[in-house]
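Report on the structure given below.
The values are calculated or read from the model by the stated rules, or taken from the named source; none is laboratory data. Keep in mind that this is a model prediction, so the values were computed, not measured. Here the Cβ positions follow ideal geometry from the backbone for every residue, glycine too, while neighbour counts run over all protein chains shown.
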Amino acid sequence: MLFINVGIMLSVYVGVRVFEHYKNSSTMLFKPQNSHQMEEMAKDNPQAIEVESIKKNQIVLEHDHYFKVSGAAMGLAVACYVYPPLTLLSVGITSYTAVPILKQNSLLKERHIKNDLLTSIVTVMCLIMGKYFSCALNICVYHWGSKMLVKSKDISAQTLTNVFEQQPHHVWILKNAIEIEIPLEALHVNDIVVIKTGEVVPIDGIIIEGMATIDQHALTGEAIPAEKGMGDHVFAATILISGQIQVKVEKAGSETSIAKLGDILNHTAEFKTSLQLKGEKWADNIATPMLGLGILASPIIGLSSATAILYGAPTNTIRVLTSLQTFNHLTLIANQGILVKDGRALEALPTIDTIFFDKTGTLTKEELEIGKIILCDELGEDEILTYAASAERRFTHPIARAIIQKAEERCFHLPEIEEANYEIGYGITVSLDDKIIKVGSIRFMNMEGIAVPSKIEAAIARSHEEGYSLIMVAINEQLKGAIEIQPQVRPEIKQIISRLRQRGVKHIAIVSGDHKQPTKKLADALGMDSYYYEILPQDKANLVEQFQKKGHQVCFVGDGINDAIAMKKANVSISLRGASSIATDMAQVVLMDGSLSHLCDVFERSTKLNTGLQQSLLFWAGYAVFNTGSASLLHLGVTELMTIYSLVFGLSVRNAMLPLKQLEHEKSKKADYSNG
């Protein structure tokens, strides 16, 4: 029977490998080598792309197939004890399900003994000894773990894709005087892109027609929008808050967020923590001693117990369980609106003791707010605000929204304007109750020849120092007052800082290119440990390095191009969705809801993941000792220890899947609440 079993296994193995070789040879004709080749194949041979797309799902289907067949093989192995004629069929099916295990043999591939060799030996030895149920159980557990691993990886990757696909990825270009919508990655240098109010500038280029007011805090770190016209340069990820422009592309969109999606998913889906790598290395390193111990002990404790010793190096178990934990935590994080682009951040976050926050756009919101209202004569604050809000009520740029919101808070009745003339980049002129009202910048007042009182000139100088801007309000060619426009601090910041301190972060600071006074004022209001002002991009990076040289682990939270160098130097870099393209490309973690609300959630989840991984490795190191001791001292055979291992492995997988169960429970509660 021994030779028959071995013969069946060899025949099945060779047959399956020949079939796979034939199948792979036929599909290789369709396999593209790179994205350019895939594009060409899509034009010439759409069926080839379809084959490639189907191939991506084959791994999932293959693991599911082997798991189901191995389950049937285990049932058949039990039936053999009742009806022995089924033995040959059982051996054949079990041998078929063992092929993926035997294919992983490191001795043939790497000329090195690793844990997968021990798994193969256990499988073969169980068949040789006629322990069909033990063999089938071993294979079934192996395929079950692989299936759960692939499933979790697929869920994690899909969740990340769903989060990231919310980014815009189409633009309008001008071709033969006609506007055409194309994918962002299809842009070429010298194309003419049409950008309208409210849209994000998708590329770097030069304005060839039109004027606009552009929010470019991501580039400069300044909160106040800039006025741009023909001949001026514009940059990707800045926002057009008023006007319309045509931009000649100087840099094509090959480095856009959408183009980076594949790399991002590779960084996350293929990520292994250093703890996981250490665990796998440990298990592989003891594979040779375990094999030697099993061989030497076999004459003393018997072949069955000696075979069971080989389960003392659980590399596959560590690989499956640690990966399950990592993928499931990534899925939970992604469902909180957090995109982890580099898994190394998950390991580094629990060690962070210093956090630097960029000021504008990170600690402050895109929405502006009204500060003081400066009066020049008999008109009061309410009248100045009413005139300004009436003039701006038809516009949606941030300054107009701030003025209108303030008027609505005070429950003002805004009269209908009779006539309006908007000078893009300057201001607006309206007619109201036989009055000519002008609302806009100081440059607009100068252009209109309106005299500026000394009180307003002093306020302008003060506003520059404080880091805010002034909107002038003139009536019948006389300047009547000015409205302070200030950046709005994110409401969640104080609570975030408190939670970070509870987590042991020792030093929290603002790093800004802004002036001293507004930076100090914000730092004091938020209870920061320190602040750094008028900092150039390279100085931000130097500051990070200075703290690192003192032994600190630094996290940099930023949103602008001027933060990119510092983000690259930091141990962990975090950005917000809606930040500049280069900032989100550079960041290891992106908060996709555009706020800092979930910043502490990243820290908490990474701590839970690292704690879980440490506990798993310690547990399986202890199990290795238990397994070896039980086989050597208690003479437990492979069937008994295989059964114990399967139960323990099943409980461990259940524990590793708890984060995903938690997510499903939360989704179910939300669905019930919505339906109720």
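Taken across the range 482-492, residues that are among the aliphatic types (A, V, I, L, M) and part of a loop (DSSP other than H, G, I, E, B) do not occur at all.
Table: residues versus (1) under 19 Å from Thr317 (Cβ atoms); (2) within 21 Å of the chain's Cα centre (by Cα); (3) in the same structural domain as Tyr132 (by TED's automatic domain parsing); (4) among the hydroxyl-bearing types (Ser, Thr, Tyr).
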residue	(1), (2), (3), (4)
Gln614	yes, no, yes, no
Phe626	yes, no, yes, no
Gly629	yes, no, yes, no
His635	no, no, yes, no
Thr639	yes, no, yes, yes
Met642	yes, no, yes, no
Tyr645	yes, no, yes, yes
Gly650	yes, no, yes, no
Val653	yes, no, yes, no
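Do we have Ala523 as surrounded by 21 or more Cβ atoms within 10 Å (Cβ to Cβ), touching a residue at least 40 places away in the same chain (Cβ under 8 Å) and either closer than 22 Å to Thr386 by Cβ or assigned by TED's automatic domain parsing to the domain that holds Asp353 (or both) here? So Ala523 fails the test.
Is there a residue in the range 53-72 that is part of a helix (DSSP H, G or I), modelled with pLDDT of 80 or more, among the aliphatic types (A, V, I, L, M) and buried (at least 19 other Cβ atoms within 10 Å of the Cβ)? No, there is no match, as no residue in the range 53-72 is part of a helix (DSSP H, G or I), modelled with pLDDT of 80 or more, among the aliphatic types (A, V, I, L, M) and buried (at least 19 other Cβ atoms within 10 Å of the Cβ).
Where helices (runs of 4 or more DSSP H) fall wholly inside the range 277-396, the ranges with 1 or more residues that are within 30 Å of Arg410 (Cβ to Cβ) are 381-392. Applying the selection to the range 442-457, what residues are crowded, with 20+ Cβ neighbours inside 10 Å and under 46 Å from the mean Cα position of the chain (by Cα)? Ile442, Phe444 - these are the residues of the range 442-457 that are crowded, with 20+ Cβ neighbours inside 10 Å and under 46 Å from the mean Cα position of the chain (by Cα).
So which residues in the range 332-358 are surrounded by 20 or more Cβ atoms within 10 Å (Cβ to Cβ), over 10 Å from the mean Cα position of the chain (by Cα) and among the β-branched types (Val, Ile, Thr), if there are any at all? The answer is Ile352, Thr354, Ile355.
Considering the conditions (1) at pLDDT below 85; (2) outside any loop (DSSP other than H, G, I, E, B); (3) surrounded by fewer than 20 Cβ atoms within 10 Å (Cβ to Cβ); (4) touching a helix residue (DSSP H, G or I) at 6+ places or on another chain (Cβ under 6 Å), Pro415 is excluded by exactly one of them, (2).
When residues in the range 565-594 are screened for being under 18 Å from Ile493 (Cβ atoms) and either at pLDDT 80 or above or among the hydrophobic types (A, V, I, L, M, F, W, C) (or both), 6 of them pass.
Please determine, by comparing only the residues of the range 168-178 that are under 16 Å from Val201 (Cα atoms) and in a strand (DSSP E or B), which one is modelled with the lowest pLDDT. Step by step, filter the range 168-178, then rank; the result is His170. Every test in (1) farther than 26 Å from Pro518 by Cβ; (2) outside the structural domain of Gln548 (by TED's automatic domain parsing); (3) touching a helix residue (DSSP H, G or I) at 6+ places or on another chain (Cβ under 9 Å) is passed by Ile338 save one, and that test is (2).
Listed conditions (1) modelled with pLDDT of 80 or more; (2) over 21 Å from Gln486 (Cα atoms); (3) of a type outside the set (Val, Ile, Thr) are all met by Gly558, apart from (2).
Give me the residue from the range 455-469 that is assigned to a helix (DSSP H, G or I) and of a type outside the set (D, E, K, R) and, out of that set, modelled with the lowest pLDDT. It comes out as His464. Could we say that Leu660 is closer than 27 Å to Gly504 by Cβ, at pLDDT below 85, part of a helix (DSSP H, G or I) and among the aliphatic types (A, V, I, L, M) here? Criteria not met by Leu660.
No other residue among Glu466, Glu457 is of a type in the set (Asp, Glu) and touching a His at 6+ places or on another chain (Cβ under 8 Å) apart from Glu466. All conditions but one from (1) of a type in the set (A, V, I, L, M); (2) in contact with a helix residue (DSSP H, G or I) (Cβ under 8 Å, 6 or more places away or on another chain); (3) over 23 Å from Ile214 (Cα atoms); (4) at pLDDT 85 or above apply to Met472; the one that does not is (3). When restricted to residues that are crowded, with 22+ Cβ neighbours inside 10 Å and either over 17 Å from Ile417 (Cβ atoms) or outside the structural domain of Ile436 (by TED's automatic domain parsing) (or both), the range 380-397 contains 0.
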